[in-house]
Structures are given as structure tokens and as C-alpha cells.
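Trainee: Structure incoming, see below.
The values are calculated or read from the model by the stated rules, or taken from the named source; none is laboratory data. As the structure is a computational prediction, the values presented were derived from the model and not from experiment. Neighbour counts run over all protein chains shown; Cβ positions are idealised from the backbone, glycine included.
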Amino acid sequence: MGERSAAVESVAMTDPLRELGAAFARRSVFVTGHTGFKGSWLSLWLSRLGARVTGYALAPSTEPSAFIAAGVRDVLSAHHEADIRDGARLAQAMRDSAPDVVLHLAAQPLVRVSYQQPRETFDVNVVGTASVLDAVRALHRPCAVVVITSDKCYDNREHTWGYRETDPLGGGDPYSASKGAAEIVVASYRHSFFPPERVHEHGVRLASARAGNVIGGGDWAQDRIVADIARSVSSGQPVQVRNPRSLRPWQHVLEPLGGYLLLAARMLTTPDGVRLADAWNFGPSGLEVVTVGALVDLFLAAWGSGSWQDASAGGQPHEAQLLRLSIDKAVTLLGWRPRWSVSEAVRRTALWYRRFYQQGPAVRAAGSMRDACLAEIADYEETGSAP
């Protein structure tokens with residue numbers, strides 16, 4: 001990777017998240033997918049940092065949703081309910097926001113849905129990414145862009161070691177293949193339109209980010225294990241667990257979001273930030289990979305009651321049993337590190353859902369969980385990086 005600059009070498013000496021306030025205060029940030037689980041948490045965090053957030057996405061796809069429960073719309077400077085494949089509308093919304101930072105999260109995010117809707121998955125995840133980058137091209141404006149894909153973008157051979165950013169891309173199922181293809185689109189636009197060596201001409205710093213399985217309060221997506229647990233235990237039903245022996249790199253949603261924000265901040269504010277315009281992994285430490293069954297046990301222990309049943313059966317769509325990420329690059333060059341153990345992430349997730357369901361349907365007003373989300377973000381900022 002070449003010699004690191006003095007600015008990069010000094011990162012490990014301080015808590016890098018302390019840079020975020022200065023980097024994002026009064027900045028215009030354009031977030032696609034802001035009505036989703038990760039996008040809702042990201043929008044709240046950006047607002048807390050003093051950014052002017054413009055959101056562009058379809059309406060929330062679930063009921064309940066993190067977007068409604070946390071009252072995310074109330075903290076936005078502008079809110080657009082539209083499809084990222086609508087190039088003209090997307091370009092206009094982006095022009096209106098005049099962004100300093102673009103964070104692209106909008107996607108079809110579910111493996112099992114990709115088997116049912118493969119063409120739609122490729123269209124949203126691949127063509128949609130190109131649509132976002134075309135809108136950036138049309139801006140003719142300096143900005144930092146982070147495209148969020150997935151750890152499933154790698155050609156997963158189920159190795160016991162973590163995949164590095166230079167490992168081959170691939171994907172056996174439509175979702176994974178679409179994320180690998182999205183990464184190729186990003187690399188192509190960076191090479192063709194936003195080459196780092198010509199940043200003085202175009203002003204765009206374009207990176208991509210890959211994260212593992214994220215958990216946290218407010219995810220009610222179909223076939224997501226935490227959503228399944230929360231729905232089941234809140235109604236007194238046993239949790240049906242499809243793949244209890246599958247290993248996953250679990251992490252709290254704030255872990256990768258902190259990585260995305262730090263990467264964007266560095267590209268935006270450091271003299272050599274253009275050197276960071278590349279692909280990045282933001283995953284848990286190697287010790288935080290546990291089975292789905294173990295995750296369910298941790299959740300039920302934090303909730304205080306509940307049980308689960310092994311619902312694994314033949315004929316299910318294929319999902320990888322083992323997937324790990326190497327985070328050496330982010331640790332070394334950004335000073336980013338995971339802060340919460342998997343047990344802490346699960347504990348906080350369970351308590352968030354328990355608080356939500358204890359409110360009762362009559363008092364689950366829009367925004368009722370915003371304070372809980374902001375308190376969790378504040379806790380995360382104050383925790384400090386794990387050694």
C-alpha cells in the first residue's frame with residue numbers, strides 16, 4: 001500500500017470518531033436508502049453530528065420500521081420517496097442538495113428475496129448503483145462518495161480466514177452476485193470517470209464499503225434472524241431458526257456505520273484523502289463470529305424469556321455457512337476498530353426491541369424510539385475502540 005502519511009500514522013494515537021463532528025457539521029450529506037434499517041440509524045447519527053441530511057429512497061418496506069419508530073423524517077433537511085433507477089429524479093434531488101458527501105445504501109438487501117426476484121435484485125443493486133454514480137458525474141462538484149455493498153460480494157469458498165479487499169469477487173446466489181457486480185461498477189466508474197490521480201480535475205473521491213451481518217434495534221426485514229426473534233418472543237412464540245449452525249460475522253449496526261462515516265470524513269478533509277478512494281471491509285474481530293443458534297441464545301438471555309426450535313430442513317435456498325472479513329486495512333490505515341463484542345451488541349439489540357414492544361400498540365407513536373437510538377449512538381461514541 002506504500003508509505004503512509006504522517007496524518008494516517010497518527011490515527012492510532014486518538015479516537016478517530018472524535019473527528020466526525022468537525023468533518024460533518026453543516027455539511028450537506030445525500031443518503032440513499034435512508035428509510036431502511038441501516039439508513040435510518042445513519043441519518044440519525046449524521047443529524048446528531050450537525051449535518052444537513054437529504055434522504056432518497058422508497059417508502060419503508062416494513063411495518064413497523066426503524067424509520068417511523070425513530071422519527072427519522074423529522075431530522076432530515078429533505079426527504080424524497082423515489083426509486084434510485086429514476087435517473088432524472090435522482091439527479092435533480094442530488095443537484096438540489098449540493099452534497100459534500102454521498103452515502104449510497106439503497107438496495108434489495110435480502111438473499112432469499114433474490115431467489116424470488118433475481119432480475120429485480122440485479123436491476124436495483126447493479127443498475128441502481130450506476131444510476132447513483134451517473135448522478136454524481138452530473139454534479140460536476142467535489143464530493144466524497146461511499147457505496148455500501150456487502151461482505152457477500154466475495155467469491156465465498158467458505159475459508160476459515162477472512163477475505164481481504166483484494167480477493168476475487170463473486171456470488172453464487174443472485175443477491176451475492178449483484179453485490180459483486182456493484183463493486184465492479186464502482187471500480188469501473190472510479191477508473192473511467194473519477195481516477196484518483198486526476199482528482200484535481202473532477203474532485204470526486206469514490207470508495208466502496210463491505211460489512212458483515214449487522215444487528216440492532218429496528219430491523220423488521222423479512223427472513224432476518226433478529227427480526228424473527230423479536231417478533232416471536234414479543235408474542236410468546238418459540239423462534240423458528242432455519243440455519244442454527246451457520247457461522248456469521250455479527251456486529252452492531254453502529255460498527256460499520258462508524259466506518260463509513262470515518263472513511264467519508266477522511267476522504268473529505270485530509271490532504272491525502274484521495275488515496276483512500278478504494279474498497280474497504282468493516283467487520284467484527286475474528287473472535288466475534290458465532291453461530292445463528294448462539295446468537296438466538298444470547299438474545300433470549302438478554303430478553304429474559306423465550307425459546308427456539310430448529311427449523312432447518314432440506315430444499316431451502318442455498319446460503320453460505322461460513323463467511324469472515326479481514327479488517328486489517330481499516331484498522332491500519334483508518335484507525336477504525338470494532339467497539340462492542342457480539343454479546344454486547346446482542347444485549348443492546350434485545351433491550352431496544354423489548355422497550356419498543358413494552359410500549360404497547362397504542363403508544364408506539366412515530367419517533368418514540370428516537371431518544372433510545374440517540375442514546376445508543378452516544379454510548380457508542382464514548383465507548384472507545386476495543387484493543
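Trainee: Only one residue in ALA51, ALA59, ALA22 is closer than 24 Å to GLY87 by Cα and among the aliphatic types (A, V, I, L, M), so which one is that?
Mentor: Answer to the check: ALA59.
Trainee: Next up: What do you reckon, is VAL226 in contact (Cβ under 8 Å) with a residue 24 or more places away in the chain and not in a strand (DSSP E or B)?
Mentor: So VAL226 fits the description; yes.
Trainee: Which fully enclosed helices (runs of 4 or more DSSP H) of the range 61-177 have 1 or more residues being under 19 Å from the mean Cα position of the chain (by Cα)?
Mentor: 66-69, 111-116, 118-122, 128-139
Trainee: Then there is this: Out of all the residues in the range 156-177, which are within 17 Å of ASN125 (Cβ to Cβ) and either of a type in the set (Gly, Ala, Ser) or free of Cβ contacts under 8 Å to residues at least 40 places away in the same chain (or both)?
Mentor: LEU169, GLY170, GLY171, GLY172, SER176, ALA177 - these are the residues of the range 156-177 that are within 17 Å of ASN125 (Cβ to Cβ) and either of a type in the set (Gly, Ala, Ser) or free of Cβ contacts under 8 Å to residues at least 40 places away in the same chain (or both).
Trainee: What are the residue pairs meeting all of these: first residue in the range 194-207, first residue among the hydroxyl-bearing types (Ser, Thr, Tyr), second residue buried (at least 17 other Cβ atoms within 10 Å of the Cβ), Cβ atoms under 9 Å, and 6 or more apart or on different chains?
Mentor: As it stands, the answer is none, since no pair meets every condition given.
The rows are residues; the columns are (1) closer than 18 Å to PHE37 by Cα; (2) surrounded by fewer than 19 Cβ atoms within 10 Å (Cβ to Cβ).
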{"site": "PRO60", "(1), (2)": "yes, no"}
{"site": "ALA88", "(1), (2)": "no, yes"}
{"site": "VAL101", "(1), (2)": "no, no"}
{"site": "PHE122", "(1), (2)": "no, no"}
{"site": "ARG137", "(1), (2)": "no, yes"}
{"site": "VAL146", "(1), (2)": "yes, no"}
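Trainee: Take GLU158 and decide whether it is among the charged types (D, E, K, R) and modelled with pLDDT of 95 or more.
Mentor: No; evaluated as a whole, the condition is false for this residue.
Trainee: Considering only residues that are among the polar types (S, T, N, Q) and more than 12 Å from GLY39 (Cβ to Cβ), look in the range 62-86 and name the one that is modelled with the highest pLDDT.
Mentor: Checking each candidate, the answer is SER77.
Trainee: Spot the failing condition for GLY180; the list is (1) farther than 17 Å from LEU323 by Cα; (2) outside any strand (DSSP E or B), and only one is missed.
Mentor: With respect to (1) farther than 17 Å from LEU323 by Cα; (2) outside any strand (DSSP E or B), GLY180 is out only on (1).
Trainee: Could you please give the count of residues in the range 277-297 that are farther than 30 Å from ILE229 by Cα and surrounded by fewer than 23 Cβ atoms within 10 Å (Cβ to Cβ)?
Mentor: 3
Trainee: Which ranges mark the strands (runs of 3 or more DSSP E) fully within the range 256-358 that have 3 or more residues being of a type in the set (Val, Ile, Thr) and closer than 14 Å to ASN213 by Cα?
Mentor: By residue number, 289-291.
Trainee: Let me ask another. Report every pair of residues separated by at least 6 positions or lying on different chains whose Cβ atoms are under 8 Å apart, first residue within the range 20-42 and closer than 11 Å to VAL102 by Cα, second at pLDDT below 95 and assigned to a loop (DSSP other than H, G, I, E, B).
Mentor: As it stands, the answer is none, since no pair meets every condition given.
Trainee: In addition: Show the residue pairs meeting these rules: Cβ distance below 7 Å; 6+ apart or different chains; first residue within the range 351-368 and at positive phi; second residue surrounded by fewer than 13 Cβ atoms within 10 Å (Cβ to Cβ) and modelled with pLDDT of 90 or more.
Mentor: Correct list of pairs: GLY367/ASP74.
Trainee: From the list SER97, SER150, which one is of a type in the set (Ser, Thr, Tyr), closer than 25 Å to ALA25 by Cβ and touching a strand residue (DSSP E or B) at 6+ places or on another chain (Cβ under 9 Å)?
Mentor: Going through SER97, SER150 in turn, the sole match is SER97.
Trainee: Which condition breaks for SER208 when tested against (1) polar (S, T, N, Q); (2) in a helix (DSSP H, G or I); (3) under 17 Å from VAL102 (Cα atoms)?
Mentor: (2)
Trainee: Take the range 240-265 and flag every residue that is crowded, with 20+ Cβ neighbours inside 10 Å and hydrophobic (A, V, I, L, M, F, W, C).
Mentor: VAL241, TRP250, VAL253, LEU254, LEU257, LEU261, LEU262, LEU263, ALA264, ALA265
Trainee: Right, something else. Are any residues in the range 157-185 touching a Ser or Thr at 6+ places or on another chain (Cβ under 9 Å) and closer than 22 Å to VAL331 by Cβ, and if so, which ones?
Mentor: TRP161, GLY162, TYR163, ARG164, GLU165, ASP167, GLU183
Here is a yes/no grid of residues against (1) in contact with a Lys or Arg (Cβ under 9 Å, 6 or more places away or on another chain); (2) over 28 Å from SER285 (Cα atoms); (3) aliphatic (A, V, I, L, M):
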| residue | (1), (2), (3) |
| --- | --- |
| SER176 | yes, no, no |
| VAL185 | no, yes, yes |
| GLY217 | yes, no, no |
| ILE225 | yes, no, yes |
| VAL241 | no, no, yes |
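Trainee: Among the residues of the range 233-249, is any part of a helix (DSSP H, G or I) and either of a type in the set (A, V, I, L, M, F, W, C) or at pLDDT below 95 (or both)?
Mentor: The answer is yes, given that some residue of the range 233-249 is part of a helix (DSSP H, G or I) and either of a type in the set (A, V, I, L, M, F, W, C) or at pLDDT below 95 (or both).
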